[in-house]
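This report refers to the structure that appears directly beneath it.
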Amino acid sequence: MDIKRYLNLKSLLALTGIVGLSFQQVMAQAAGVATDTVSKTDGLGKTVGYYLILFLLICVVIGIIGKVLHVYELTKQIQGKKEGIAWNKVNGILFAVTLVVGLYGAYWCYTVQGAQILPEAASEHGLKIDSMFRITLVITTIVFVITHILLFLFAYKYNYKAKRKAYYYPHNNTLEKYWTVIPAIALTVLVLMGFFTWRGITNISSDQMKSALQVDVTAHQFAWEVRYSGKDNVSGRKNYKLIGSLGGLNSLGLDLADKHNYDDLKVTEIVLPVNKSVRFTLTSQDVLHSFYMPHFRVQMNCVPGMSTFFQFTPRITTAEMKVKTNDPNFKYRLYCAKICGAQHYNMQFAVRVVTQREYDKWVKEQKPIVTDDMKKEYQLAMKENVASKENKIALNN
Ligand SMILES: [Cu+2]
């Protein structure tokens, strides 16, 4: 998204009326530019351009009002009148207005932006995460509304009046106890809930680990390499020293001395059978990446030099989700959630949840990751290795 295009000089000049365009024309222009450039991806460009210009316009209007008021006060002074504008009253009213506008803003966010929230969690553990999210949101919303009403209403109600004296009230132990103990209990409950939920997700017995479908994921700038573990359900060994070996064919550094590698499958789409546990083993070849599948409430860092894991059970097929979201084009996706470089936004991978039968059919069609060319190169390398060893022995003798 090229922000400069939205903020081009012409728009700004038009905004200040120098080239005589009306506000509506500027808006239309900004919206037009935005739709041309980003309509293929989403509507974000329009929103950014529109609100940026709106913000600048509001700033200009506030500036003008400020100047007008300043002139008004100066005039009063020249006329020798002491009382200009009752600023305390104005501030008080502004506080009251801020309260109403702010609370409406919060309500607007809940209804308009809240409607854009992710659909129902598509994994078993995701339901727990969502309920935790909801509880936190309800508690914080109640606290937010109460404290903000008190904050702004008091500022409005008790604005300075010459005849009114402030009530001196420096300390109250009972109040201190309440507003220390109650938030402490609430936060402890929330933190413990988070702790036990996360433990429930990550604490998996070794039997459950082994019985899960094993998928090995390697992240690099800027793509995902996904490898299914094949019939033996064991992903073959990898070694970073072997990356680029076998005449450059071994991009993942597969160790072909490990037999588990030969039935592993290279896939261009993650297909998962519904209601079956899947275990992703994650790593990175360069910088930090983050394995992020929002619909399943899954996120885990991919770290160079080590393996991380995420095991979960999808519970809604893509077909069912299309019906639930009323979107015939609905797709699950894997994203990168760690800004890893210029093409970071492009690190996407298709994910599809299907029935067991559809999965069995799909998996049969997938090609082995170890190609015939790789096998040839490996055999050649082995022969050379043997020959050089024999040469060494001969030389030593
Ligand atoms: Cu990234």
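The values are calculated or read from the model by the stated rules, or taken from the named source; none is laboratory data. This is a predicted model, so every value here is computed, not measured. Heads up, the Cβs are rebuilt from the backbone with ideal geometry, glycines too, and the neighbour counts pull from every protein chain shown.
Before we move on, is residue 327 within 30 Å of residue 375 (Cβ to Cβ), in a loop (DSSP other than H, G, I, E, B) and of a type outside the set (A, V, I, L, M)? No, not satisfied.
Which of the residues spanning the stretch 288-303 are of a type outside the set (A, V, I, L, M) and either farther than 11 Å from residue 121 by Cα or within 16 Å of the ligand (Cβ to nearest atom) (or both)? If the condition is that a residue be of a type outside the set (A, V, I, L, M) and either farther than 11 Å from residue 121 by Cα or within 16 Å of the ligand (Cβ to nearest atom) (or both), then 289, 290, 291, 292, 294, 299, 301, 302 are the ones that fit.
Of all residues in the stretch 241-264, those satisfying the criterion of being surrounded by fewer than 19 Cβ atoms within 10 Å (Cβ to Cβ) and among the hydrophobic types (A, V, I, L, M, F, W, C) are 242, 243, 249, 257. Residues being touching an Asp or Glu at 6+ places or on another chain (Cβ under 8 Å) and either within 16 Å of the ligand (Cβ to nearest atom) or free of Cβ contacts under 8 Å to residues at least 24 places away in the same chain (or both): count how many of those fall in the stretch 196-218. Summing the residues that are touching an Asp or Glu at 6+ places or on another chain (Cβ under 8 Å) and either within 16 Å of the ligand (Cβ to nearest atom) or free of Cβ contacts under 8 Å to residues at least 24 places away in the same chain (or both) in the stretch 196-218 gives 2. Of everything listed in (1) crowded, with 16+ Cβ neighbours inside 10 Å; (2) free of Cβ contacts under 8 Å to residues at least 40 places away in the same chain, the single unmet condition for residue 385 is (1).
In the stretch 59-83, of all residues being under 21 Å from residue 94 (Cα atoms) and not hydrophobic (A, V, I, L, M, F, W, C), the one that is surrounded by the most Cβ atoms within 10 Å (Cβ to Cβ) corresponds to 73. Residues of the stretch 304-324 include at least one that is within 16 Å of the ligand (Cβ to nearest atom) and either in a helix (DSSP H, G or I) or in the same structural domain as residue 293 (by TED's automatic domain parsing) (or both).
Looking across 363, 351, 370, one residue alone is more than 16 Å from the ligand (Cβ to nearest atom), under 26 Å from residue 237 (Cα atoms) and in a helix (DSSP H, G or I). It is 363. When the stretch 225-239 is examined, which residues are found to be surrounded by 20 or more Cβ atoms within 10 Å (Cβ to Cβ) and within 16 Å of the ligand (Cβ to nearest atom)? 226, the sole residue that qualifies. Residue check: is residue 165 basic (Lys, Arg), over 30 Å from residue 108 (Cα atoms) and part of a helix (DSSP H, G or I)? No; evaluated as a whole, the condition is false for this residue. Being assigned to a helix (DSSP H, G or I), closer than 30 Å to residue 276 by Cα, touching a Phe, Trp or Tyr at 6+ places or on another chain (Cβ under 8 Å) and not hydroxyl-bearing (Ser, Thr, Tyr) holds for only one residue in 102, 92, 126, and it is 126. Of all the numbered requirements in (1) among the hydroxyl-bearing types (Ser, Thr, Tyr); (2) surrounded by fewer than 19 Cβ atoms within 10 Å (Cβ to Cβ); (3) under 18 Å from residue 380 (Cα atoms), residue 268 misses one, and that requirement is (3).
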